[in-house]
Amino acid sequence: MKRFKRHGHESQRDKHKQDLYQFNKTVEHGFPHQPSALGFSPSLELLAIGTRSGAIKLYGAPGVEFMGLHDENAAVTQVHFLPNQVELVTLLDDNSLHMWTLRAHTSMSELLEIGRFTLSGPPGAPPSVTRVTAVLAHSSGELLLLGTEGGHVFVVEVPGFRELEENNISVEDVQKRIPEDYVGRRNLECVETLHENPLNPRQVLIGYTRGLMVLWDLDRQRPIQHFLGTQVPYTCSVIASLINSVQFNSSLFNAVFVTWGNMILKRQVAKHQMATHLNCTALRPWPINGGQNFAPDPPQRDLLLTGHEDGTVRFWDASGVCLYPMYKLSTAGAFLTDADPNDNMNQGSEGEWPPFRKVGCFDPYSDDPRLGIQKIHLCKYSGYLTVAGTAGQILVLELNDEAAEQTVEATVVDLLQGQEGFRWKGQARLDVREEPVLFPPGFQPFALVQCQPPAVVTAIALHSEWKMVAFGTSHGFGLYDYHQRNKILVKCTLNPSDQMALEGPLSRVKSIKKSLRQSFRRIRRSRVSMRKHHTNNALQEINNRLVAEALQEMELAPVQRKIEARSSDDSFTGLVRTLYFADTFVSDSSHSTPSLWAGTNGGAVFAHVLRVPSLERRAEDPVVAHAAKEIQLMHRAPVVGLVVLDGKGAPLPEPLEVAHDLARSPEMHGSHHLLVVSEEQLKLFTLPKVSSKSKLKLTAVDGSRVRRVGVAWFGSRTDEQLESSLVVLTNQGELHVISLPSIKMMVHYPCIRREDVSGIASCVFTKYGQGFYLMSPSEFERFSLSTRWVVEPRCLVEAPLQMRPKNPSSPIHRDQPDGVPTEHRLMEHALLNDESEYMRISS
């Protein structure tokens, strides 16, 4: 029976939601993907970049950024600012022109499209007549000159986009004024470029593909002078400027976002800023410095970490609108890799001629793919960092102000635990350097865990207070004590029927028997569901009629869709999706103990109790782990998140967070709860009995699966009190905010296109309701779910003080019949022909 909504406190609840939650896409970090056009305004000191996807982005002083998007799905081919104004014009490859303006509102500017225009030729004319190839924004700020593929030049009045037909320059008018032998020998073809005479704005230089240039008088509607290809000092066709598409060589595999404040990384930031200041190649002022940044100072210092396929981890200051690079960490130095330029340098046999030696590596794509960073976990309080890679390697690093030469101690962990009948078919592990390595100041590796088989690391967790690292792959999970440098726990989660887990990420071989078996299972399940559908067809029609009648009278609560059970034979059921440390009640309700929780792709949750020695005995006594609990979800959906709630329903604080007075101590007197987040539902269990208390199924469109989950704290602008919530991203690209501990749906918003698989997979959440995802290989989209913490551009761009001419149509000089003084005519002729001619005239 369907549940009906209660309208008792709906208005108060809705107001509470509005005070806490608000979705905004705030800023795009990075370099525009696939740039196709470039424009610059010397008066505004702004740079404009157009892209193939139809985006237009403006950049000024740090923090001054504007973004716009054309409605048409067409590439931007040209961008032109109107001189001394806050307007610009874009040309798309569909031949449409668009006018944009930076409109000020409440002392803030906003980029808005205010008009669009497409040239229309005479009836029956070919498309080349109006196909725009060159654009000139006249200095008067009132005219656009549009050169076309057919050789014509159209004059358009702006900002209204009104064509001034009487001022157009036809190709026939130009051909009448040049020698007949030139016209008979070749066509003028398209207009390649248009330039205004800097000495007389009423004269325009037109350049054609065949090399002809014509100086045209706009007032008298006739050419003043023409220059054939043989008269130009360097005989060639007019060449249009090109902008090549720019892409990053390294795609981002993983990202981590932390708030670091004025803590352990402040030393590295200060050193970086000092080095940058001392190294600044600049005698001239930076030209892109327009606009005013009115964004308030960030309330906290935010740090974004990105892992790359070449084994590097990059640190970015993400506190404000600008994403500043701070530090790059390379993990390749700890290994002997295929990309090592010093590898096999002197292995040639003596007496061989010629004595070839490897002296370097040029190919930027030759990085060993096994170095790729998959997972990152940073403890901002202790300065410990752990990174995990593609070949089963987990590095533990510590922040050090000085360079150090040291050996990385390696520990091999066999996750198969000697099981017979399994043979790894994937990649080989990376070889560790046995000799000491000199590591520069920064994060320096001191311990390495190598999983065997060397599969991709799918989950890691760092607990710097207990000095332990947990890691997981498609074969199982383990626990490593980096204080005593030994392994504590190894658990194999591999399903005996799962052959896919043995092939590795670089193998594309799939068992035919496995494929056939899965296909027959799908057919059988579909036939069973069809029989049930026909049996209940009549009853369903009656229910639908009753529901339709009820909907006319009252509002119904969302219907929770049915969750289908998954087969235990599905591929990668043993893959570890999440790891979680918690100090909670596992064995009994009177004593809390450290514990490690692991969730797998097959819907299983494993809990192990840890006995951690006291601080005085930590270096001598070993850490002991033993199995305590095991949960198997009935629907066997992958477990993507685990959270323990304290006696007040709040998530447990991070390690060392309480010790630094940045969080209150967890409530240990009330009963704790374990929240298990699977791809299908959220389920709350009581501890230590592990009995089901409540659950929430997804109510989105059929096919939704939870892809990302994180705990966030929300607060209103007026109240200092914070509330914890769960933020969920689905494979449909939708964001859901769920209350804790009641696990009720609060709000949901569309965020990412569901076709954007890489964007959904790369999404990370911050502690205070913000998030990042890759919108292209070189750009991050930043969004906020909070009304309190929003990082967005707040800037103003004003028109220059100098005003445009009062009467731009009046000629500047009338000394000569064409309105140009003799000395100016001589200078123009010399500059357009030969520098030696100008030197002769001036002398």
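Here are the numbers for this structure:
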read-out: Fraction of accessible area attributable to carbon and sulfur, the stretch 10-77 (%, probe 1.4 Å); value: 48 percent
read-out: Under Karplus coefficients 6.51, -1.76 and 1.60, residue-wise ³J(HN,Hα) of the stretch 298-303 in Hz, glycine/proline x; value: x, x, 8, 9, 10, 10
read-out: Cβ-based net charge around residue 627, under 15 Å, with every Lys or Arg adding one and every Asp or Glu removing one; value: +2
read-out: Fraction of accessible area attributable to carbon and sulfur, the stretch 369-446 (%, probe 1.4 Å); value: 45 percent
read-out: Surrounding net charge for residue 674, when Lys and Arg each add one and Asp and Glu each subtract one, Cβ distance under 14 Å; value: +2
read-out: With eigenvalues of the C-alpha gyration tensor scaled by 5 and rooted, the stretch 105-206, Å; value: 30, 17, 11
read-out: Over the stretch 1-125: Rg over Rh, Cα atoms, Kirkwood Rh; value: 1.20
read-out: Probe 1.4 Å, accessible area per residue of the stretch 681-743, Å²; value: 42 Å²
read-out: 5 angstrom amide H check on residue 432, placed H, neighbours 5+ away; value: 336
read-out: Phi to ³J(HN,Hα) by Karplus 6.51 cos²θ - 1.76 cosθ + 1.60 over the stretch 304-313, Hz, x for Gly, Pro; value: 10, 10, 10, x, 10, 6, 8, x, 9, 10
read-out: Translational diffusion of the stretch 35-104, µm² s⁻¹ [Kirkwood Rh, Cα pairs; Stokes-Einstein; 37 °C; 0.692 mPa s]; value: 275 µm²/s
read-out: Where 746, 634, 468, 775 fall by accessible area, highest first, once all protein chains stay in place (1.4 Å); value: 634, 775, 746, 468
read-out: Amide N proximity, the stretch 704-723 versus residue 648 label position 7 Å along Cα-to-Cβ, cut-off under 19 Å; value: 711-716, 719-723
read-out: Positive minus negative residues near residue 611 (Lys, Arg vs Asp, Glu; Cβ under 13 Å); value: -1
read-out: Fraction of beta bridges assigned by DSSP in the stretch 404-479 that are antiparallel (%, nearest 5); value: 65 percent
read-out: 407, 148, 133, reordered so the largest accessible area comes first (probe 1.4 Å); value: 407, 133, 148
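The values are calculated or read from the model by the stated rules, or taken from the named source; none is laboratory data. As the structure is a computational prediction, the values presented were derived from the model and not from experiment. Note: ideal-geometry Cβ built from the backbone for every residue, glycine included; neighbour counts use all protein chains shown. Each accessible area value is taken on the protein alone, full model and side chains, heavy atoms only, with ligands, DNA and RNA left out. Shrake-Rupley method; radii C 1.70, N 1.55, O 1.52, S 1.80 Å.
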